[in-house]
Amino acid sequence: MKTYSVKAGEIQREWFVVDARDQVLGRLATRIATVLKGKHKPTYSTHLDVGDYVIVVNAAEVRLTGRKADQKEYFRHSGYMGGERMIPFRTMLAKRPERVIELAVKGMLPKNALGRQQLRKLKVYAGPEHPHAAQTPRELEL
């Protein structure tokens with residue numbers, strides 16, 4: 001009996017929509033990363049991008065548990081000496097709420113070209129509206 005391996009031309013992608021209102025950031029991000037990778041499908045392959053598209057709405061209303069909303073900081077560096085910047089979670093959520101979910105999901109994907117390809121299938125919006133109605137996305141159960 002031979003093992004079935006999906007070919008790149010046989011991959012069928014679906015669109016899912018997720019409402020992030022009152023969802024815990026980490027739990028939401030793990031479910032999204034699983035769908036982006038394609039691990040929910042029986043045709044999952046580690047070396048191919050078999051995942052689906054995910055649309056996240058209401059990203060500005062995501063929450064953290066405990067005191068993490070006050071303690072969590074995002075790090076970035078300009079490349080120059082002394083160029084590190086620490087951005088608090090509350091500031092990031094107020095200015096760019098899409099980035100909060102994108103960074104959480106990005107940390108759960110592979111750190112290579114395949115992970116970057118999977119991350120391109122993530123669409124995040126701060127409010128309840130999204131421009132992907134033509135793709136007829138289904139609700140993703142969390």
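The values are calculated or read from the model by the stated rules, or taken from the named source; none is laboratory data. Model, not experiment: these values are computed from the prediction. Here the Cβ is made from the backbone with ideal geometry for all residues, glycine too, and neighbour counts use every protein chain on show.
So Thr43 fits all but one of (1) modelled with pLDDT of 95 or more; (2) out of contact with any Lys or Arg (no Cβ under 9 Å at 6 or more places or on another chain); (3) over 26 Å from Pro128 (Cα atoms); (4) of a type in the set (Val, Ile, Thr); what number is the exception?
Looking at each condition in turn, Thr43 falls short on (1).
Among the strands (runs of 3 or more DSSP E) contained in the stretch 24-142, which hold 2 or more residues that are more than 11 Å from the chain's Cα centre (by Cα), among the aliphatic types (A, V, I, L, M) and more than 23 Å from Glu14 (Cα to Cα)?
84-88
At pLDDT 95 or above and over 24 Å from Lys123 (Cβ atoms): is that true of Met92 in this structure?
So Met92 does not fit the description; no.
For the stretch 25-47, name all the residues that are closer than 24 Å to Lys111 by Cβ and without any contact (Cβ under 8 Å) to a residue 60 or more places away in the chain.
Result: Thr34, Gly38, Lys39, His40, Lys41, Thr43, Tyr44, Ser45, Thr46.
So which residues in the stretch 117-142 are crowded, with 18+ Cβ neighbours inside 10 Å and aliphatic (A, V, I, L, M), if there are any at all?
Leu122, Val124, Ala126, Leu140
Scan the stretch 1-23 for residues that are surrounded by fewer than 15 Cβ atoms within 10 Å (Cβ to Cβ) and either in a loop (DSSP other than H, G, I, E, B) or touching a residue at least 40 places away in the same chain (Cβ under 8 Å) (or both) and jot them down.
Answer for the stretch 1-23, where residues must be surrounded by fewer than 15 Cβ atoms within 10 Å (Cβ to Cβ) and either in a loop (DSSP other than H, G, I, E, B) or touching a residue at least 40 places away in the same chain (Cβ under 8 Å) (or both): Met1, Lys2, Thr3, Tyr4, Ser5, Lys7, Ala8, Gln12, Arg13, Arg21, Asp22.
Any residue at all in the stretch 68-84 that is among the hydrophobic types (A, V, I, L, M, F, W, C), surrounded by 15 or more Cβ atoms within 10 Å (Cβ to Cβ) and touching a strand residue (DSSP E or B) at 6+ places or on another chain (Cβ under 8 Å)?
Looking for residues that are among the hydrophobic types (A, V, I, L, M, F, W, C), surrounded by 15 or more Cβ atoms within 10 Å (Cβ to Cβ) and touching a strand residue (DSSP E or B) at 6+ places or on another chain (Cβ under 8 Å), one finds none in the stretch 68-84, hence no.
Could you tell me whether Lys72 is modelled with pLDDT of 95 or more, among the basic types (Lys, Arg) and under 25 Å from Val50 (Cβ atoms)?
no
May I ask you to list pairs of residues, at least six apart or on different chains, whose Cβ atoms are under 9 Å apart, with the first in the stretch 111-135 being of a type in the set (Gly, Ala, Ser) and the second being assigned to a loop (DSSP other than H, G, I, E, B) and modelled with pLDDT of 95 or more?
Gly115/Leu109; Ala126/Asn58; Ala126/Arg96; Gly127/Asn58
Can you pull out every residue in the stretch 1-25 that is touching a helix residue (DSSP H, G or I) at 6+ places or on another chain (Cβ under 7 Å) and more than 10 Å from Leu140 (Cβ to Cβ)?
Ala20, Arg21, Asp22, Leu25
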